[in-house]
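The values are calculated or read from the model by the stated rules, or taken from the named source; none is laboratory data. Computed from a prediction, not measured in an experiment: that's the story for all the values here. Neighbour counts are summed over all protein chains in view; Cβ atoms, including those assigned to glycine, are modelled from backbone coordinates with ideal geometry. Remember, those area values only see protein heavy atoms, side chains included, never the ligands or the DNA or RNA. Shrake-Rupley method; radii C 1.70, N 1.55, O 1.52, S 1.80 Å.
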Amino acid sequence: CSLNTSVTQTFSKALQNNDTAAAAAKIQENLKQQNNIPLNIAITGESGSGKSTFVNAFRELCDDEEGAAPTGVTETTSEVTPYPHPNYPNVTFWDLPGIGTTNFPAKKYLKLVGFQKFDFFIIISDTRFRENDVKLAKEIQKMKKKFYFVRTKIDNNIRDEKRKKDFNEEETLTKIREDCVQGLSGLGIKSPQVFLVSTFELHLYDFPLLQQTLERDLPSNKRDTLLFVMPNINPEIIIKKKKSFKRRLYWLATLSALGAAVPVPGLSIAVDVAVLAGAVTHYVHAFGLDVPSLARLSDRTGVPYADLCAVILSPLAAAKITIELLMKVVTQVGRTASAGLISSHHHINTGTNVMLLFR
Ligand SMILES: Nc1nc2c(ncn2[C@@H]2O[C@H](COP(=O)(O)OP(=O)(O)OP(=O)(O)O)[C@@H](O)[C@H]2O)c(=O)[nH]1
Ligand SMILES: [Mg+2]
């Protein structure tokens, strides 16, 4: 990536000029930049459609947990509420009141919720989409922003249809999808795309497709930002996170190796520790290995926390993320980047740091 190349160049130059403060500052600045790419996601839809539940699911919070958006059968969302992601505060989910509850025309509604800041809108409905949803979508389009229709509570429809003798899940889903598409087309939306979702079971139905679509539509610098807040609902997402993490680690280790190539007392160690601590923290969060995430998972599944710590390694093993892999990346990068400039002593130090951080 060109940004990274330019940072690497500035970094090397600063080191050649013996300007260690500038070199360290450059790394910190870039790490901060990478972790601070803002992503603002607007969630809107009529009252009771499941907006707040959707926001909580993305933040991997139970509805009754501290910091969760209030949800329920009575009307609860009446104002614009930002919910930052607990591990990635640069990502904010905005729980918006349904346009119908505000009685504002679409243009005024968008102005009041501050539409400019949103990267995209998710318009949720638990039934067919209505005129209000369409008016809003058209106005969002006029403002040159993206929107996605999400039809929620599919689990309810499937459960109801299952009672019938000739139940066929695919047919049921197609029927709901066609019904939504027809409704939207009838109200003037050209070839609408509707994603069928159960917020209680994000791994099912169209949520994975929604994830892929969002990723495809976002500008490239924001793709990883979205990826890392995606719940780990399937191996594909875990593998994508792994790849992105590897790329990042590769680059960090390159800088770390460059730092070590020039004998500046103190700097290399500081860089290693800062760089690796940052990378490993990121890793731990992305894969839900932090203590609060594991405790939540333990609560949700009833699996004792200690057992979970052991079990959780298996999906990671499936994605081939291991401490050995991390070590390999770090040492191999060191070798490639240094082109023989740095001592093997440095590799060992870097590896040891990784090991220590993992304990
Ligand atoms: N079965 C099922 N129920 C859901 C789903 N999503 C939300 N619900 C339920 O629908 C009800 C309303 O959900 P909320 O998230 O509070 O809806 P909201 O859109 O935020 O509502 P307001 O804040 O009043 O505008 C709650 O009882 C949720 O548990 C889903 O995917 N499946
Ligand atoms: Mg709500």
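Residues in the range 146-183 that are within 24 Å of the chain's Cα centre (by Cα) and open to solvent by 50 Å² or more (accessible area, probe 1.4 Å) were compared, and the one that is nearest to T44 (Cα to Cα) is K146.
Considering only the range 147-164, how many residues are assigned to a strand (DSSP E or B) and either away from ligand 2 (no atom under 16 Å from the Cβ) or among the hydroxyl-bearing types (S, T, Y) (or both)? Walk me through it before giving the result.
So the first thing to find is which residues in the range 147-164 are assigned to a strand (DSSP E or B), and the list is 147-151.
Next, only the ones that are either away from ligand 2 (no atom under 16 Å from the Cβ) or among the hydroxyl-bearing types (S, T, Y) (or both) stay: 147-149, 151.
The number of residues fulfilling the criteria is 4.
E201 satisfies every condition listed in (1) open to solvent by 60 Å² or more (accessible area, probe 1.4 Å); (2) over 25 Å from E60 (Cβ atoms) except (2). The residues in the range 210-231 that are of a type in the set (S, T, N, Q) and without any contact (Cβ under 8 Å) to a residue 24 or more places away in the chain can be counted, and the count is 2.
Can you name every residue in the range 189-198 that is surrounded by 12 or more Cβ atoms within 10 Å (Cβ to Cβ) and at pLDDT below 95? Reasoning before the result, please.
First, pick out the residues of the range 189-198 that are surrounded by 12 or more Cβ atoms within 10 Å (Cβ to Cβ): 189, 192-198.
Answer for the range 189-198, where residues must be surrounded by 12 or more Cβ atoms within 10 Å (Cβ to Cβ) and at pLDDT below 95: I189, P192, Q193.
On the basis of being in contact (Cβ under 8 Å) with a residue 24 or more places away in the chain, away from ligand 2 (no atom under 16 Å from the Cβ) and assigned by TED's automatic domain parsing to the domain that holds N221, does A106 make the cut? Answer is yes for this residue. When the range 73-101 is filtered for residues that are modelled with pLDDT under 85, near ligand 1 (Cβ under 8 Å from one of its atoms) and open to solvent by less than 50 Å² (accessible area, probe 1.4 Å), only T77 remains.
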